[in-house]
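A.B. asks: Just dropping this structure here.
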């Protein structure tokens, strides 16, 4: 669901209409000398009723405009330190194409992002990679999950997602074991993201995975274990123009269930759209529509670096359930202006049940808060 | 004491004209030296900045010439442990349509480059993505200004003979990248500029903690032939080396001007101390010590130095900014294409030049000061004792020793490409020549018979009897005239040699070229066939040029593949040379020898190649063996060229393209018809065409332009020298007022005295011109065979510009005669009685 970096990056790629206004030539008969022929891309739409099949849909969908594999989780070291981790691979298909036979022709782009939340440090360690799939140095395979940029990888082997990240100041190598079938959001994995038809994405999660591996921070290595969550989402539409940003949570519940909720915040301050999914331990899944999901800020944290305020503690309501969300640490702000032009908050959180209904009493997951620094502009 | 001061002040006022001249001499020297330094620095800074701004923070760069290497190398290096980032680049000097010159296209993978050349994208990360759009380019501010392009405009390049249009997606801020640069996506560059599948540069950043030397060795082991590892620092140095010899030459010229300025101070102060012997004697009697007298002279010289240096710094700065604005940082020599320099006032260098100016003024006054101090007060108070300074200079041994030393210094080779010993030889020869002058002059005048004409006889007698004063003038004449003659001989020899060479290398009736702008323009085999099929064409010879890097620390050399008239390398003795004059002997090829190459003199000098030597050249991605057949004179490519037969080149590389063509007309056809026919061919409009006459004219005008500064500096040096001559002559005459009074008393007319003075001036200048010619000829030889050869690696034939030398000599003698005569008239303004009585 964390589309923000990806979208912000993509926003820089001129849309087909804008591109024409800027002077990309309209398609021409081949052989016309001078300028090359650029074609507009017709992206496939997300339609409800399309059945997801696995493992095929674990793989990349290169025809769609955007796609991401987004793994987050809580890790505990042998010394009982709690760490949050996040690694994301984005794939994007730029909105233009030419006949360029160059191996470097940018028909697909890959971006990766990794972060480590460490309460001992008090802020995030993070790093990123970007590349085009040229000469095998980066790629996203169809058929099953395997994405990589140089030595950063994420792949599904058997029932285990393996990821390896070697970044500035930290690195990790983790194995996440998926114990359940994919949790499909929306209508069979077609998740509405806005009020218009077509503002939607194919979206499923792999919640509550047991994770094991190694984490290295500043040269010191730890063996870790914990619980992880993976989202895989693909779409061809951008964020609705009315939206300024979004809040999202994905929580692996202590009883083996899972909770996902998001809201798109309108530029006018109201909620533009919302949705959520609650899977109980026994596998029962309930989806929630825009009217049934609410995010209520409980405590704000102000960034000492840029003054942005984030509601780092929230109460999230899905139907009649109420969940209290508390961060692992307040400062999990990410400044990625240098790569994607924005600042946002993304971090490890604890969830605890506030209402007295049946089911899980709490869990651990990730919270994403975007558009608080400035509205995301696409 | 106050009174003394007033007296001195009064003298100072009288002498203000000569002081002004001395100040002007120092000022000119400092100004020229400072201006040359400023221009050099601006150019070098700008070049380094330009290199740095596109190189970024790479630890190493892997580079290769135009042909480049397969892009798979990038994947290999990228995966190498220890490499943090590898950024692939296609770097091409591309021709801009419409004959508007070239710009450097940097085809980058912006996603990778952002990690190596952070400054290209740091201020606006959106650029990373803007560059990915089809046909998008981002122009440097300089490129946008040079080609009058802005965002949304089309940048039209020429590839092959076709127009390729790219879209200007934006203009980079001026500080982001220097020079005429267009950034493009690597895929765009590969496709649109015809470089699919290849790269010619990979920037590497090492992972923290990896050993640079070990990594370098590991990378080098993976490179194909023709590719090499270099560092940004090396490239900066290489850029500086490109023009270093030229810049050093200019600096030496500025030093000559400064030296002349010092000489002016010397002649002025020498005369002044001679005239003020009495004054100094009086001061000594009044209690001033010897050191005090010396200090008095030196303080005056220092004042001249301070004033001259201050004026010189200001003048130099103005001169440099004017030159940079009008001629560019290379002063018209065409070395820093597309680089525009910015001028700042360097305080440290300014201080150094200031001190040098003062020091030279002091050095010029040192001998006169010591002389003034040495004089015994009693003798000095008497008149008529003012000829002692040169007593110690009449021994011939120091002069001969210096000349011999100068001769010996012509033997060693250059120091780091700079003919340091050659310059030292020139200095010694000049000094030696000057030191020999008094004795030579005395001998010459003694040897001359006494003429019947009274004024002439008196003049000769004067020069024989009291040569001391005149020697100062003579030395200044010889110094400046010898330098002028040397430069004239060198430039004229060079120009004549270039002219002869041009005639030899342009035997065809008509020429076309594509190599005038960038590396992207060429004619292909289809075009070649079309040209051969033209009814006007009897014969066509094509040439392909490419840059080779044989040594990453040196500038690239040219590889020129040429169609050869004799029909081939293996065709026996008359294989045919590549149309350039052979220098020295030729190697007789033996059976089993590899194919021949011809090399330019620069290759012979810089790389030590000689006829018969087997060499390896990276061609077509592999090292190929060749044998050097002969050394050729090539004035077109300063840093070296290797010529091979084109058929051989095509065989080894498969590259059938060509850059330049020479055409022979069929009988009855005209060049105008041929030109029209060529232009009518598809793509023919992109060719630059000319007949041999035009090429000669353009080449010689380029030659003249690059020597423009030399001419200017030379003219200034001469002017300073002539000023010195006239001032010292004038001073001598003024000092002899009493003598003129006496001569008038014994019956000589004013006219006769004037004639006598004119004869003195003429004799002096005539002898000076003769000696200057001799010394200048010797220095000219050093310039031609040592300095020029070692600086530019070009040999040339000696050619004496007799007409010019005769005219210069005539001007010199006329000026001397005129000055002497005019000063005489002034000196005889007062009556003879007063003149005789004036005894100070």
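Bear in mind that the values in this text are calculations on the coordinates, not laboratory data. On a predicted model such as this, the values are computed, not experimentally measured, just so you know. Cβ atoms come from the backbone with ideal geometry, glycine included; neighbour counts cover every protein chain shown.
A.B. asks: So, by mean Cβ neighbours within 10 angstrom, what's the order for A:247-253, B:596-602 with the highest one leading? Mind dumping the intermediate values first?
C.D. replies: On the way: A:247-253: 25.9, B:596-602: 24.3.
Ranked by mean Cβ neighbours within 10 Å, highest first: A:247-253, B:596-602.
A.B. asks: Okay, moving on. When the C-alpha atoms of the range B:510-690 are aligned to their principal axes, what extent does each axis show, in angstrom, from largest down?
C.D. replies: 46, 36, 29 Å, listed from the longest principal axis down.
A.B. asks: So what's the Cα pair-distance distribution over the protein assembly as shown, bin width 20 Å, in %?
C.D. replies: Going out from 0 Å in 20 Å bins, the protein assembly as shown shows 10, 29, 24, 20, 12, 5, 1, 0 percent.
A.B. asks: State, to one decimal in nm, how far the label point of residue B:688 lies from the label point of residue A:305, with both points 7 Å from Cα in the Cβ direction.
C.D. replies: 5.2
A.B. asks: Give me the inter-chain shielding for A:130-137: mean count of other chain Cβ atoms within 10 Å, whole number please. Let's see the in-between values first.
C.D. replies: On the way: counts 8, 4, 8, 0, 10, 9, 4, 8.
Partner-chain Cβ atoms within 10 Å, mean over residues of A:130-137: 6.
A.B. asks: Another one. Run the simple label-point estimate for residue B:404 and residue A:267 please: 7 Å along Cα→C-beta, distance reported in nm.
C.D. replies: Result: 9.3 nm between the two label points.
A.B. asks: As a check on your grasp of the helix formula, calculate [θ] at 222 nm for chain A: sum -39500 (n - 2.57) over DSSP H runs of n ≥ 4, divide by the residue count, round to the nearest 500.
C.D. replies: Numbers: 2 runs with 15 residues, N = 378.
Helix contribution divided over all residues of chain A: -1000 deg cm²/dmol.
A.B. asks: Still on this structure, I have one more. By per-residue mean of other Cβ atoms within 10 Å, what is the highest-first order of B:800-811, B:97-108?
C.D. replies: Working: B:800-811: 14.5, B:97-108: 21.7.
Put in order of decreasing packing, that is B:97-108, B:800-811.
A.B. asks: Give the separation of the Cα centroids, the range B:106-146 to the range B:399-425, in Å.
C.D. replies: Each part's Cα centre sits 51 Å from the other's.
A.B. asks: Please work out how much length the chain gains when fully extended from residue B:818 to residue B:708, using 0.36 nm per residue of separation minus the C-alpha to C-alpha distance, in nm with one decimal.
C.D. replies: Fully extending the segment from residue B:818 to residue B:708 adds 36.6 nm.
A.B. asks: Can you tell me the FRET efficiency between residue B:174 and residue B:70 if r is taken as the Cβ-Cβ distance and R0 is 41 Å, rounded to the nearest 0.05?
C.D. replies: Working: r = 36 Å, r/R0 = 0.88.
For residue B:174 and residue B:70, the calculated efficiency is 0.70.
A.B. asks: Which percent of Cα-Cα pairs in chain A sits in each 20 Å bin, short to long?
C.D. replies: 29, 60, 11, 0
A.B. asks: Still on this structure, please answer the following. Taking the number of other C-beta atoms within 10 Å as the exposure measure, put A:229, B:191 in order starting with the fewest.
C.D. replies: Details: A:229 27, B:191 23.
Ascending number of Cβ neighbours within 10 Å: B:191, A:229.
A.B. asks: At 0.36 nm per residue, and after removing the present C-alpha to C-alpha distance, how many nm does the segment from residue B:679 to residue B:395 gain when stretched out fully? All intermediate terms of the calculation are to be shown ahead of the outcome.
C.D. replies: On the way: separation 284, 0.36 × 284 = 102.24 nm, distance 7.24 nm.
Gain in length upon complete extension: 95.0 nm.
A.B. asks: Please work out how much length the chain gains when fully extended from residue B:586 to residue B:210, using 0.36 nm per residue of separation minus the C-alpha to C-alpha distance, in nm with one decimal.
C.D. replies: Values: separation 376, 0.36 × 376 = 135.36 nm, distance 5.03 nm.
Stretched out fully, the residue B:586 to residue B:210 stretch lengthens by 130.3 nm.
A.B. asks: Another question about this same structure. Which ordering of B:656, A:358 is given by a fewest-first count of other beta-carbon atoms within 10 Å? Before the final figure, lay out the partial values.
C.D. replies: Values: B:656 16, A:358 7.
Lowest to highest Cβ neighbour count: A:358, B:656.
A.B. asks: Here's something else I'd like to know. Averaged over its residues, how many other protein chain Cβ atoms are within 10 Å of peptide B:186-195's Cβ atoms? Write out the running numbers ahead of the final one.
C.D. replies: Values: counts 7, 11, 7, 2, 6, 8, 5, 0, 0, 1.
Partner Cβ neighbours, averaged per residue: 5.
A.B. asks: Next question, about the same structure. Of all DSSP beta bridges in the range B:510-690, what percent run antiparallel (nearest 5)?
C.D. replies: Numbers: 30 of 40 bridges.
Approximately 75 percent, going by the DSSP bridge assignments.
A.B. asks: Then there is this: What is the average number of partner chain Cβ atoms found within 10 Å of a Cβ in A:314-322? Could you put the intermediate results ahead of the total?
C.D. replies: Numbers: counts 0, 0, 0, 0, 0, 0, 0, 0, 0.
What the average comes to for A:314-322 is 0.
A.B. asks: Same structure, new question: Would you please give the FRET efficiency between residue B:752 and residue B:774, computed as 1/(1 + (r/R0)^6) with r the Cβ-Cβ distance and R0 = 22 Å, to the nearest 0.05? Don't jump to the answer; show the numbers that get you there.
C.D. replies: Numbers: r = 33 Å, r/R0 = 1.49.
Efficiency for this residue pair is about 0.10.
A.B. asks: Counting other beta carbons within 10 Å of each Cβ, put B:198, A:163 in order, fewest first.
C.D. replies: On the way: B:198 17, A:163 26.
The fewest-first ordering by Cβ neighbours comes to B:198, A:163.
A.B. asks: Roughly what % of DSSP beta bridges within the protein assembly as shown run antiparallel, to the nearest 5?
C.D. replies: Numbers: 213 of 234 bridges.
DSSP beta bridges in the protein assembly as shown are roughly 90 percent antiparallel.
A.B. asks: Calculated FRET efficiency, residue B:450 and residue B:637, Cβ-Cβ r, R0 60 Å, to nearest 0.05? Write down the numbers at each step before the final one.
C.D. replies: Details: r = 60 Å, r/R0 = 1.01.
Step by step, r from the Cβ atoms, then E = 0.50.
A.B. asks: Just grab the label-to-label distance for residue B:20 and residue B:622, each label 7 Å out from Cα along the Cβ direction, in nm (one decimal).
C.D. replies: 7.7
A.B. asks: Which order do the peptides A:360-366, B:170-176, B:124-130 come out in when sorted by mean C-beta neighbours inside 10 angstrom, highest first?
C.D. replies: By packing density, highest mean first, the sequence is A:360-366, B:124-130, B:170-176.
A.B. asks: Looking only at the range B:344-379, which residues have a backbone nitrogen under 12 Å from a spot 7 Å from the Cα of residue B:285 in the C-beta direction?
C.D. replies: Under cut-off, by backbone N: B:377-379.
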